[in-house]
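Here the structure comes first, spelled out in structure tokens, and everything after it is commentary.
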Amino acid sequence: MQNNNYQKLSLVHVVPEICRNAYGVSSVLNNIIPEQKNRGYKINVSTLNKPFPDLKKKSADIIHQHMIWLRHGKSALKLKQKFDAPLIIAPHGALDPWAMSKSKLKKFFAWNIYEKKRIQSADCLQATSIFEITHFRKLNFNQPIAHIPNGLNLKFYQEPLFDLERIFYKKYPELEDKRCLLFLSRITPQKGLHIFLDAFSIFLKNKEMRNWHLIIVGNDQDGFLKNELTYQISSLGIQENITILPPKYDQEKKELFAISEVFVLPSLSEGFPMVILEALAFGLPVFTTTASPWMSLPDEKAGWWTKPLVDHFINVLNDIGRKDSSELSIMGENARNLVQENYSIEVVTKKLDTLYRWLLGKQKKPEFIS
């Protein structure tokens, strides 16, 4: 049902592209946009291929840019100026110190020539985590910052597990008797898999833990899997406990969540990864690091949050190994409750509604804006 308060508001989401591999932002928008349309917003999307959507004069009330560094930031600024509309920029982790250190020379010139000025032109910055708020302030951005995380439509994560498991094991019968850990993300040094593999090999030296199996799924970025991780797995002698699969989407991704007992993202740097939200929503406890903003996992008994170091990873793996499937299932129930209470698309979109109205002078400043 449409909300009449928003029927006449027009939003432009500005993003590099909409596709499965579009920096994770596609997943963010695929959750937000349907809910915003349901609330009555008129939605347009500006991409690198189509920077200026078919808008009538004065028909854009809010410009919402996602990600930075690419030419779409120039389009967002032009749209702001054309329609005299507030501009929100959500870097989605791109200003994290680790991210800033990659391609350092190229980013140095881009930052000083145009990117810093573009961000300074924003009326508000969106931080998806408390870490990002700190990063923004350290870079001397003084605009208001809205702390609004990404959200999920939970109705897409309610399929019967048995049906998904049955479908998966028909394709991979050799995994049916295994206890599986799942890594699903881009395969890059940033994701910390090389550290995790060292810890996993030590964990497997305990005979009682040799039934544990790691499934690695994702795009091999810059040949990191082919040129480094494959050699590392071989040299550690843990090939029998590793399955490497190409990227999986939609139904096949859900099958992987269904047959796994724990989701693993041992990152060295993160913004607010959607895949962690998806795993939690599907009822998987999550093992991640202090590089991501999931410090609530231990308190909620929904996972582990630890430093990205081999010794710390071993401690977590040993804790996982000591738990039976029923204990991990209880943690999974806690994980889903955590998403439902704090990260459902209804909760997140309501915060965005409030942010938009505040920028348009129709709402008092909410508490999540600093």
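The values are calculated or read from the model by the stated rules, or taken from the named source; none is laboratory data. Worth saying up front: this structure is predicted, and the values here are computed from it rather than measured. All Cβ positions, even for glycine, are placed from backbone atoms using ideal geometry, and neighbour counts span all protein chains on display. Areas reflect the complete protein model, heavy atoms only, side chains present, ligands, DNA and RNA absent. Shrake-Rupley method; radii C 1.70, N 1.55, O 1.52, S 1.80 Å.
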Where the Cα atoms of region 38-194 are projected onto their three principal axes, how long is each span, largest first, in whole Å?
59, 41, 29
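What FRET efficiency comes out for the pair Gln120/Glu176, r = Cβ-Cβ distance, R0 = 51 Å, nearest 0.05?
Working: r = 55 Å, r/R0 = 1.08.
Between Gln120 and Glu176 the formula returns 0.40.
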Quick one: compute the contact order of the chain, relative version, from alpha carbon pairs under 8 angstrom and 6+ residues apart, as a percent.
16 percent
With the crude spin-label approximation of a point 7 Å out along Cα→Cβ, what separation in nm comes out for Arg322 versus Ile18?
4.9 nm
Using a 1.4 Å probe over the heavy atoms of the protein chains, calculate the carbon and sulfur portion of the accessible area of the chain as a whole percent.
50 percent
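Express in % the proportion of alpha carbon pairs of the chain at distances exceeding 35 Å.
Working: 18696 of 68265 pairs.
Cα-Cα pairs in the chain separated by more than 35 Å: 27 percent.
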Could you put Lys107, Lys138 in order of accessible surface area, largest first, with the 1.4 Å probe and the full protein assembly present?
Lys138, Lys107
Can you tell me the equivalent ellipsoid semi-axes for region 247-341? Use √(5λ) from the Cα gyration tensor, largest first, whole Å.
19, 16, 14
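Taking 0.36 nm per residue of sequence separation and subtracting the Cα-Cα distance, how much length would be gained by fully extending the chain between Asn342 and Asn140, in nm to one decimal? Walk me through the intermediate numbers first.
Values: separation 202, 0.36 × 202 = 72.72 nm, distance 2.92 nm.
That works out to 69.8 nm of additional length.
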Which whole-Hz couplings ³J(HN,Hα) result when phi for each residue of region 108-115 is put into the Karplus expression 6.51 cos²θ - 1.76 cosθ + 1.60, θ = phi - 60°, listed in order with x for Gly and Pro?
4, 5, 4, 4, 7, 7, 9, 5
Please find the FRET efficiency linking Phe368 to Asn153, where r is the Cβ-Cβ separation and R0 is fixed at 30 Å, and quote it to the nearest 0.05.
0.90
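To the nearest 20 debye, what is the magnitude of the charge dipole of the chain about its Cα centre, counting +1 on the Cβ of each Lys and Arg and -1 on the Cβ of each Asp and Glu? All intermediate terms of the calculation are to be shown ahead of the outcome.
On the way: 49 positive and 38 negative charges, 433 e Å.
Charge dipole, the chain, about its Cα centre: 2080 debye, nearest 20.
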Given pairs Lys37/Lys253; Lys74/Lys117; Lys171/Lys207; Lys78/Lys116 and cut-off 20 Å on Cα-Cα distance, the over-length ones are Lys37/Lys253; Lys171/Lys207
Between His92 and residues 5 or more places away or on another chain, which pairs have amide H atoms under 5 Å apart, with H built 1.01 Å from N, and which residues are they?
Met67, Thr128
Using a Cα-Cα cut-off of under 13 Å, which aspartates and glutamates could be cross-linked to Lys365, ignoring same-chain neighbours fewer than 8 residues away?
Asp353
What helix-only [θ] at 222 nm does the chain give? Using -39500 (n - 2.57) per DSSP H run of at least 4, over all residues, to the nearest 500, the answer is -12000 deg cm²/dmol
Under the 7 Å Cα-to-Cβ spin-label approximation, Ser296 and Asn49 lie apart by a distance in nanometres of 3.6 nm
Accessible area (Å², 1.4 Å probe, nearest 10) - Glu176
110 Å²
Roughly how far apart, in whole Å, are the Cα centres of region 251-280 and region 42-106?
27 Å
